[in-house]
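J.: Quick one: structure below, then a few questions.
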Amino acid sequence: MKIAPSILSADFARLSDEIGVIEEGGAEWVHVDVMDGHFVPNITIGPLIVDAARRSTNLPLDVHLMIKNPDHYVEAFVKAGADIVTVHQEACTHLHRTIQKIHELGAKAGVALNPGTSLETIRDVLPYLDLLLVMSVNPGFGGQSYIEASTAKLGRARAMLDEVGSDAELEVDGGVGVSNVEEIVNAGASVVVAGSAVYGHPDGAAAGVRAIRSASGA
Ligand code: DX5
Ligand code: ZN
């Protein structure tokens, strides 16, 4: 199981240090939440911050694009240092083409599904994915509560990936913490995103990463 702390919950006045701390805690990836204020009701960061994160760590940057028209911006994020670019199925008119474009740019391609979006909408692109992201909150903010139905959806997603023989990562994002990470991993998630559970940990973010790993049983 990989842990991908979301820097959305980090202190941006000390971003480089905040990335160093999760690296110290053993995080495998850095999850970067990009929001445009149109696809979701919040505005966060763009390629400039991905570039800053790139210069702060060698860990893979797992960039989650919660934006409209991601085709227009994928190249900028890959050039800024994104290793994995995840687009929302709901934001893509030509999803297969978008995935091709991410691969042509040399990055790994992920697709994210909101809690209300069926797994069936992405069945035909499964063979091309490096990552499938199942949102367990409605996107836009950190610190929300885990939507319990997400665990069953993760199980269905794992079954679909196994059915097509995909080796894509299955990532869960939103409301993950020590109380639910074991059930989430048992349902088939291979990567867990955690923002507030890591950066809000009373003993610091490194302890937050370690606490999630020990609670996962993985
Ligand atoms: C929400 C983001 C998530 C969020 C996770 O739109 O995609 O990555 O930052 O934060 P927590 O773990 O606090 O729910
Ligand atoms: Zn995210």
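The values are calculated or read from the model by the stated rules, or taken from the named source; none is laboratory data. Predicted model, so just to flag it, every value in this text is computed and none were measured. Every residue, glycine among them, receives a Cβ derived from its backbone with ideal geometry; neighbour counts consider all protein chains shown. Ligands, DNA and RNA are excluded from the accessible area calculation, which covers all protein heavy atoms including side chains. Shrake-Rupley method; radii C 1.70, N 1.55, O 1.52, S 1.80 Å.
J.: Given the DSSP H assignment, sum -39500 (n - 2.57) over each helix run of at least 4 residues in the chain and divide by its residue total; what's the result at 222 nm in deg cm²/dmol, nearest 500?
T.: Working: 8 runs with 72 residues, N = 218.
That comes out to -9500 deg cm²/dmol.
J.: For Met160, what charge total do you get from the other residues with a beta carbon under 12 Å from its beta carbon, if Lys and Arg give +1 and Asp and Glu give -1?
T.: 0
J.: Separate question: Residue separation times 0.36 nm, minus the C-alpha to C-alpha distance between Ala218 and Glu90: what's the value?
T.: Numbers: separation 128, 0.36 × 128 = 46.08 nm, distance 3.17 nm.
Value of the extension gain: 42.9 nm.
J.: Could I ask something else about it? List the relative contact order of segment 137-218 as a percent without decimals, with contacts defined as Cα pairs under 8 Å and 6+ residues apart.
T.: On the way: 104 pairs, mean separation 24.3, N = 82.
The normalised contact order for segment 137-218 reaches 30 percent.
J.: Still on this structure, please answer the following. Out of all DSSP beta bridges in the chain, what portion is antiparallel? Express it as a percent rounded to 5.
T.: Just about 5 percent of them are antiparallel.
J.: Size of the dipole of the chain about the Cα centre, Lys and Arg at +1 and Asp and Glu at -1 on the beta carbon, nothing else charged, in debye to 20?
T.: On the way: 15 positive and 28 negative charges, 36 e Å.
The calculated dipole for the chain is roughly 180 debye.
J.: Also, I was wondering about something else. Which of the lysines could a cross-linker bridge to Lys101, judged by Cα under 20 Å and excluding same-chain residues fewer than eight apart?
T.: Qualifying lysines at Cα under 20 Å: Lys68, Lys79.
J.: With each label point set 7 Å from Cα along the Cα-Cβ vector, what nm distance links Ser179 and Asp203?
T.: 2.0
J.: Nearest 5 is fine: what % of DSSP beta bridges in segment 1-115 come out antiparallel, could you say?
T.: Among the beta bridges of segment 1-115, antiparallel pairing accounts for roughly 5 percent.
J.: Pick out which of Ala159, Ala80, Ala107 has the largest mean-square fluctuation in a Gaussian network model of the chain, springs linking Cα atoms closer than 10 Å.
T.: For the chain, modelled as a Gaussian network with Cα springs under 10 Å, the answer is Ala159.
J.: While we're on this one: Could you calculate the contour length gain from Arg97 to Asn186, that is, 0.36 nm times the residue separation minus the distance between their Cα atoms, to one decimal place in nm?
T.: Full extension from Arg97 to Asn186 adds 28.8 nm.
J.: Let me ask something additional. For the chain, with a Gaussian network of springs between Cα atoms less than 10 Å apart, report the residue from Asp62, Asp203, Asp83 with the top mean-square fluctuation.
T.: It is Asp203.
J.: If the cut-off is a Cα-Cα distance under 21 Å, which lysines reach Lys153, setting aside same-chain residues fewer than 8 apart in sequence?
T.: Qualifying lysines at Cα under 21 Å: Lys2.
J.: For segment 110-218, which GluC sites (Glu not before Pro) pass both filters: DSSP loop (anything but H, G, I, E, B) and at most 14 other C-beta atoms within 10 Å?
T.: Glu148
J.: Related question: Which value, in Å², gives the accessible area per residue of segment 123-202 when a 1.4 Å probe is used on the protein heavy atoms? The partial results should precede the final answer.
T.: Numbers: 3240 Å² over 80 residues.
It amounts to 41 Å² per residue over segment 123-202.
J.: If you don't mind, another one. Could you check how much of the accessible area of the chain is carbon and sulfur, as a whole percent, using a 1.4 Å probe?
T.: Working: 4450 of 9090 Å².
Answer for the chain is 49 percent, counting heavy atoms of protein chains only.
J.: How high is the relative contact order of the chain, given as a whole-number percent (alpha carbon pairs under 8 Å, six or more residues apart)?
T.: Computed over the chain, the figure is 21 percent.
J.: Quick check on the chain: take the gyration tensor over C-alpha atoms, sort the square-rooted eigenvalues as a ≥ b ≥ c, and tell me if it's rounded (a/c under 1.5), prolate or oblate.
T.: It comes out oblate by the Cα gyration axes.
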